[in-house]
Amino acid sequence: MNRYIYFLAVAFFLLSGMFFYENARFNDNKLHLIVCDIGQGDGIFIRTPKGDDILIDEGPDDSILDCLSNHMPFWDKSIEVMIATHPDADHITGLIYVLKSYNVIHYFTSEVSKDTAVYKRLQDALAEKNLTANYAFSGDRIDFSDKTSLLTVWPDKNSNPGLDTNDFAIVNLLSYGNFKAVLTTDAPFSVEEMVSDKIGKVDVLKVSHHGSKTGASDYFLSKIKPSLAIISVGLKNRYGHPAKEVLDLLTNHNIKYLRTDKSGEVEVVSDGKSFKVYTN
């Protein structure tokens with residue numbers, strides 16, 4: 001009996017220690033923006049200062065689950081906001097795996113579809129969870145209790161849904177205090193230039209379309225003036241991303257850039273006044 005009580009006490013002590021460690025680690029009252037290392041695709045996780053979880057795109061496979069488990073407390077199985085910016089496989093496949101492991105509260109996407117097997121699988125997974133898609137358009141804004149906000153700056157409601165899916169992809173502006181980051185998904189620079197005035201100056205740019213030659217322009221960079229650019233890209237990918245033209249543009253604008261194929265996961269942490277960057 002004494003031995004049984006001893007093991008219970010040790011287990012309680014270890015669990016308590018894990019809880020306090022995880023609580024201190026993940027609840028530091030700062031904004032965490034993580035560009036996950038998920039290969040050739042996009043997967044962006046955001047944890048607000050008060051602990052709301054936002055997932056924007058989910059990558060080409062189940063790699064996003066490792067990113068989530070590394071940046072969420074083990075007891076937290078809810079994602080408050082999930083966004084699929086457009087229906088390309090390298091942005092939505094991971095969502096199917098996330099739905100199996102997490103409770104998604106709100107789901108947003110663009111008003112375009114794709115006749116692919118993975119898109120159909122996603123629709124089945126959403127139906128199984130009774131999740132209804134909310135279509136995001138320019139001007140839509142999600143405000144969190146800690147003054148974090150997520151503003152959709154593209155697409156416009158009058159955009160033609162018959163365009164290429166990249167042309168209709170959701171572009172988000174993340175704000176917390178004086179910190180701002182623009183998350184451009186796969187939007188071409190023609191779209192970026194149209195919305196640059198809505199975006200204004202930012203601290204961080206998630207470079208569009210894995211750094212493809214359509215992912216940025218001189219005009220766009222001169223308008224938003226980021227101090228850091230992050231490129232989500234797969235190692236030795238068959239597309240040749242990131243393009244030399246984009247890397248040269250970033251260099252010419254004196255913008256420091258990080259690539260997930262070289263630096264791994266990139267985490268930006270902000271107190272609303274300044275930010276720090278961590279890689280692994």
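Values in this text are rule-based calculations from the coordinates and carry no lab data. Computed from a prediction, not measured in an experiment: that's the story for all the values here. No Cβ is skipped: glycine too gets one built from the backbone with ideal geometry, and neighbour counts run over all protein chains shown.
Some values worked out for this structure:
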| item | result |
| --- | --- |
| Cross-link pairs beyond the 30 Å C-alpha cut-off, checked among LYS206/LYS236; LYS100/LYS201; LYS50/LYS206; LYS30/LYS206 | LYS100/LYS201 |
| Amide H partners (placed H, <5 Å) of PHE108, local residues excluded | MET82, ILE83, ALA84, ASN134 |
| Distant alpha-carbon pairs in the stretch 240-280 (separation over 11 angstrom), percent | 70 |
| With Cα atoms, 0 to 90° folded angle of helix 89-101 axis to the chain main axis | 20 |
| Cα-based helix-to-principal-axis angle, 189-199 vs the chain, degrees rounded to 10 | 70 |
| Amide H contacts under 5 Å for ASP140, placed H, 5+ residues apart | THR152 |
| Distance violations [Cα-Cα > 22 Å] among LYS147/LYS256; LYS114/LYS157; LYS147/LYS276; LYS198/LYS225; LYS147/LYS180 | LYS147/LYS256 |
| Nearest 10 degrees, 0 to 90: helix 117-128 Cα axis against the chain principal axis | 50 |
| Phi-based couplings in Hz for the stretch 136-143 (Karplus 6.51, -1.76, 1.60; Gly and Pro marked x) | 9, 9, 3, x, 5, 9, 10, 9 |
| Whole-number Å³ per residue for the convex hull built on Cα positions in the stretch 103-165 | 102 |
| C-alpha center-to-center spacing [the stretch 94-108, the stretch 235-280] in angstrom | 27 |
| Stretchable slack from SER101 to ASP164, in nm (0.36 nm times residue separation minus alpha-carbon distance) | 19.6 nm |
| SER212 long-range amide H proximity, modeled H, under 5 Å | ALA243 |
| Top positive-direction residue, dipole computed over the stretch 29-279 with Cβ charges, set LEU55, SER196, LEU131 | SER196 |
| 3J(HN,Hα) from dihedral phi, the stretch 65-80, Karplus parametrisation 6.51/-1.76/1.60, rounded to Hz, x for glycine, proline | 5, 5, 5, 5, 5, 7, 10, 10, x, 4, 8, 8, 10, 10, 10, 5 |
| Note, ³J(HN,Hα) from phi for the stretch 261-268, Karplus 6.51, -1.76, 1.60, rounded to Hz, x at Gly and Pro | 6, 10, 9, x, 4, 10, 10, 10 |
| Once the Cα gyration tensor of the stretch 29-279 is diagonalised, semi-axes √(5λ) in Å | 24, 21, 18 |
| Relative contact order [Cα under 8 Å, 6+ residues apart], the stretch 29-279, whole percent | 18 |
